[in-house]
Amino acid sequence: MPKITIDGKTIEVAAGTTVIQAAEQVGVFIPRYCYHPGLSVAGNCRICLVDVEKAPKLQIACNTPVAEGMVVNTTSKKVTDGQQSVLEFLLANHPLDCPVCDQSGECDLQNFYMQYGRYDPRFEEQKNKKPKAVPIGPTVMLDAERCVLCSRCVRFTDEITKTGEFGIFNRGEKAEIGLYPGKTLDNDYSGNVVDICPVGALTDRDFRFKARVWYLSTAPSVCNGCSQGCNIDVHYVLDRPHLADGARVMRLKPRYNADVNQWWICDEGRYGFKSADQDRIEKISLKGAVAAWDIALTQIATAVTKLKAANQLSAMAVIPSAQLTIEDLYAVKKLTDQLPGVVCTAQVPPLPGKSDDLLMKADKNPNSAGVALLELDKTPASSIIEAAVSGQIKILWVIGQDLVKLFGEEKVKQLAQKVELFIYQGPNTNKTSSYAHVVLPASHYLEKDGTFINVQNRVQRIGKILPALGDSKADWQIVAALAAKLGLTAGWKSLPELFVAAAAEVKPLNGLTYEKIGQQGFTV
Amino acid sequence: MIWDIVIKLVIAGAVFFFVLNLAGAHTWLERKQSAVMQDRIGANRATLFGQRLLGIPHSIADAVKMFTKEDFIPANADPFLHTLAPFLSVFFAMVAFAGIPFGDHLMLGGRMIELQVAKVDVALLYIFAMLSLGVYGVILAGYASRSNYALLGAMRASAQMISYEIALGAGIAGIVMIYGTLDLQEMVRAQGGLAWGFLPKWGIFLQPVAFFIFLTAALAETKRTPFDLPEGESEIIGYFVEYSGMKFGMFFLTDFVETILVACLATTLFFGGWQIPGLSVAGFNFFGHLIAVNPVIYALLGVMSFTLKVLIFCWLFMAIRWTLPRFRYDQLMRLGWQYLFPIAIANVVITGLILALVK
Amino acid sequence: MAIRKRELTFWEKLYLPQIFSGLKLTMKHFFVNLFIHMAHRLGLMKNSSAAVTIQYPEERRWLAPRLRTRHRLMLREEGTPRCVGCMMCETICPAKCITIVAGEHPDPNVEKYPTRFDIDLGKCVYCGYCVEACPEDAIRMDTQILDIAAYSRDAMKLDMHELLNPTLRKPLKECELKFPHKCAIHDGKITGSWDAVYGKGPKKSNQFESETPSH
């Protein structure tokens, strides 16, 4: 274990560690463009120069392995002069079109210039012209002029996705980033090159000109796109409704989690946020008319009580979805447990989905493991549908499931005529909601707190980021309100209490609290 | 007999017409005079048929505004008394004009027509009575509004009016003593001719102290600056705070009518009424030469003389208004009771002594 | 400290002399001004004024050129707005009165332009930060227009028409501006055409499908 001193701080690190990693461990930041912890070391941007004692020249921190007794200085005059010169060189051909560049505000060229540059420019020649605003794929826009040729994107497509679209072409000052002939950047992880690009060369076409990055607020969450449960940061704007036609969520960014998704996220998840603002159910619909919560719930409760009185509770079925949180599912389960005879199942036929070895999973529900844990997957839902079509079900309550997609439109049309009360509860409109008699607006998953269990049996928290839209309420709140109308006891008042109750009942979750799960999740 | 009534009606109508129009013109005069005194242009934006006409359309616009505004009666107010008050105010101010002689009698078709609405022997007393009754309008306005502010404003106004009535009455006692009559027509006639051979026998020369007392008290009586505490347009809330529309306009009108009335009184008592120095029924006495004048023209000259004098007084009142600041209330009361009243009494005593000595 | 009032002299206590001196002053003004007014009526003495007031709006006070007045958006030589929609002004605006929505410009060297640029003059505090923040000299506050009044709050909002043409306060019937933008008075419909500026012909498409990557 070599010992190394960086800026007077001594640390013992594993052999093979580079200086930039060692510096990170002692809390010294060294600027970098080409270095990325998830990619191989290229060492071509030269901004990470450090002064190693007894070395004649400045060394690049990203590719210098630590040696015993090494003394590194990152702040000497020599280092700052070196950094300044490198920056001046990198910026020589930069177009400085920060006003129109979507990267400005989170651009390492801007940040490092303000921190390490601040030189008097000496470049008087004509800047090189290169292609600008070239859409190189469905998600990415290329501006070759802004590129500093760090080759992060090249290494990403070579090493992570192994699709190899990117290359650096031409030589010297004419060198530019581009795609190999005949290729388009359309792999499932193409959005990540935007994240790793330290400058504005690769920008997001979806986020293009939507907002300036300093308008965005950030909150951590978990992707609900598939059972992988990638950690994400949600970038949203609440105070500027004129941007992006009033959308609140502007973009998603992957959040580092060494055990789940590292630095990456698939494009499907990255652009899956539109359901938060589009096609939302905002008002309660009671047979087509807008109603208040109290009226709708009273009507449902009356129907349920009538069944109960007639001892026909087996004619009621609830189909929750694996899109719901543990808390929502547990609340539904508790309610149906207190109504003996009621069938509650989330077991639906799987829909075909894209999957690969990296992150994407075929199961597009974030909480399938949670459904299994709560034993809500015992009865197949198809049997309920058959029973409903044949007229044996009087009340059908669907939470977040699109029955039309699962069982076909014809069946849903039939059961909607047979079933006395067909309730659809969910955040977004779909074909099923158009057939339902009562439509209850549920909060989007970015509008509520809760937990998901991913395919690795990792419990991860999502947080309430946006205010609930319209009249919508979190699913567990709707269930609790209905339970109160039915005169049933819930046993919990708040969400943390609800989770503690669920954790006490479900064996693998025993003793788990929100604090214990934290931001990175907890494997059970 | 029928002709008498027709003639009286014509004269009354003429006086009514003249007074009301002059009061209306006052709003314009007031604006323009204050503007000229204060290096301004004055209201000049309203137009009539595209013409600005020196801002005269503003008076018409004001009237239209007053008539079209909402007539608001406060919820708790007595609607009858609340409506009655402005009518009382303007009524007593208008009827007082009946006693004012605005010309010598006119001989027309063998009839002697007195240029006076009502030939009252005690015209002066009658006018003072009417002026005093004006207080009822004020008190009623404040009382019927059922508003503390309006009531306090009314108390303030009536206290002021009653206080200055004393000084006003005592002030002109000297004039009455000198001319020995309460009939205003007789009093004006008595002011014809010259005193000591060179001065017109006008009240101002015979009773200068009484004139100043009268002027001061009359300004206070008509509630004009520097004695405009009851209204205090922008600063204090007055007795008509709960009035809007034309009812407020009537209080406003009363003020102008009273101003004209006081100008008429001052003219009649102190400036020889319709008299023109040197002019008599016989003709114009031009340094000993007598130039004959047609009796009708003579009467008309008298009316014109009277009108001119009244207008000059109106102008003077306005000049005073836009020159002096307002008195404080205690100063106002002290001036009335401690200065004007004793001086007026002294004036009566001295006048009496002189009269006793001369006779 | 007690404030000691000066005792008034007998002469002052009389009031009358002071009243007369006051009347003398106001009368002087009255007659002098009246004389000048009458002379003006006869077409004389036009050089001397009878009033110190300014007859707005016929007469106007001189305004300093650096005075911050109503905004305008600048145009390039070919008639398109200079604004590139960087939203610096929107960001710096302390009153949050600027709303910009950016769009894709057909020329990749311009790249971005505002499809919507509104200033709510009802909120604007005329601080001039937007002018200072602008990297393109696209917004200025030098129109010398001060009399901004409207009968509703909505009418206080300027859209891009009115900002690009400072003489325009009322919305145009027909949009004459030579660029597409979301125009409030046309219900957000895009009017005008880029062709008028850049000429007709194949333009670089922004659709990915028809794009081949260049090297």
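None of the figures in this text is laboratory data; all of them are computed from the coordinates on show. These figures come from a predicted structure and were not determined experimentally. Neighbour counts run over all protein chains shown; Cβ positions are idealised from the backbone, glycine included.
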Highest to lowest packing among C:60-72, A:32-44, scored as the average C-beta count within 10 Å: A:32-44, C:60-72
Percentage relative contact order, the range A:3-91, counting C-alpha pairs under 8 Å, at least six apart: 34 percent
Label-to-label distance, nm, for residues given as B:Gln338 and C:Ala133 (7 Å Cα→Cβ offset): 6.6 nm
Cα-Cα over 19 Å, subset of A:Lys162/A:Lys183; A:Lys334/A:Lys507; A:Lys287/A:Lys448; A:Lys283/A:Lys418; A:Lys54/A:Lys77; A:Lys333/A:Lys516: A:Lys287/A:Lys448; A:Lys283/A:Lys418; A:Lys333/A:Lys516
Taking only Cα atoms of the range A:55-124, radius of gyration then Dmax in Å: 15.0, 48
Eligible aspartates and glutamates near A:Lys306 by straight Cα distance, threshold 19 Å, same-chain separation 8 or greater: A:Asp294, A:Asp337, A:Glu420
Two-site label geometry, A:Lys162 and B:Phe67: point separation in nm, points 7 Å out along Cα→Cβ: 9.7 nm
Net charge dipole size for chain A [Lys, Arg +1 and Asp, Glu -1 on Cβ; Debye, nearest 20]: 560 debye
Using alpha-carbon coordinates, inclination of helix A:293-309 to the longest axis of chain A, degrees: 50 degrees
Mean separation of Cα contacts under 8 Å (6+ apart) over length of chain B, as relative contact order %: 22 percent
Pair A:Asp294, A:Asp7: separation of 7 Å Cα→Cβ label points (nm): 6.2 nm
Number of partner chain Cβ atoms within 10 Å, mean per residue of A:177-184: 3
Farthest positive-ward along chain A dipole, Cα basis, beta-carbon charges - from A:Pro65, A:Ala310, A:Pro181: A:Ala310
Partners for B:Lys65 among lysines (Cα-Cα distance below 20 Å; same-chain residues under 8 apart left out): B:Lys32, B:Lys247
Centroid-to-centroid separation of the range B:305-359 and the range B:134-197 [C-alpha atoms, Å]: 11 Å
From phi via Karplus (6.51, -1.76, 1.60), per-residue ³J(HN,Hα) for the range B:183-192 in Hz, x at Gly/Pro: 7, 5, 4, 4, 5, 5, 4, 5, 7, x
The range A:139-296 shape via C-alpha gyration tensor axes, a/c threshold 1.5: prolate
Rounded to 10°, Cα long-axis angle of helix A:77-91 versus longest principal axis of chain A: 70 degrees
Computed lengthening from A:Gln25 to A:His242, 0.36 nm per intervening residue step minus Cα-Cα distance: 73.8 nm
D (Stokes-Einstein, µm²/s), Kirkwood Cα radius, the range A:284-523, 0.692 mPa s at 37 °C: 181 µm²/s
Centroid-to-centroid separation of the range C:23-38 and the range A:1-80 [C-alpha atoms, Å]: 91 Å
Ranking of A:Cys107, A:Cys101, A:Cys223 by count of other Cβ atoms within 10 Å, fewest first: A:Cys107, A:Cys101, A:Cys223
Relative contact order of chain A, defined on C-alpha pairs under 8 angstrom at six or more residues apart (%): 10 percent
Debye log10 I(q)/I(0) at q = 0.09 Å⁻¹ for the protein assembly as shown, Cα point scatterers: -1.08
Cα pair distances in the range A:102-142, grouped into 10 Å bins until the bin that holds the longest one, percent each: 21, 32, 38, 9
Computed [θ] at 222 nm, helices only, for the protein assembly as shown once each DSSP H run of length n ≥ 4 contributes -39500 (n - 2.57): -11500 deg cm²/dmol
Calculated FRET value between B:Trp3 and C:Val125, using beta carbons and R₀ = 60 Å, to 0.05: 0.20
Counting all C-alpha pairs of chain A, share separated by more than 34 Å (%): 48 percent
Peptide-level mean, for C:85-94, of C-beta atoms on other protein chains within 10 Å: 3
The range A:3-91 - Kirkwood radius from inverse mean 1/r over Cα pairs (Å): 13.0 Å
Euclidean distance between Cα centres, the range A:493-524 to the range C:49-67, Å: 74 Å
Fraction of alpha-carbon pairs over 16 Å apart in the range A:474-524 - percent: 49 percent
Other protein chain Cβ atoms within 10 Å, averaged over every residue that makes up B:30-41: 5
Alpha-carbon Debye profile of the range C:1-137, log10 I(q)/I(0) at 0.13, 0.19 Å⁻¹: -0.76, -1.13
Positive minus negative residues near B:Asp104 (Lys, Arg vs Asp, Glu; Cβ under 15 Å): +1
All-pairs Cα distance distribution in chain B, expressed in whole percent, bin size 20 Å: 27, 56, 16, 0
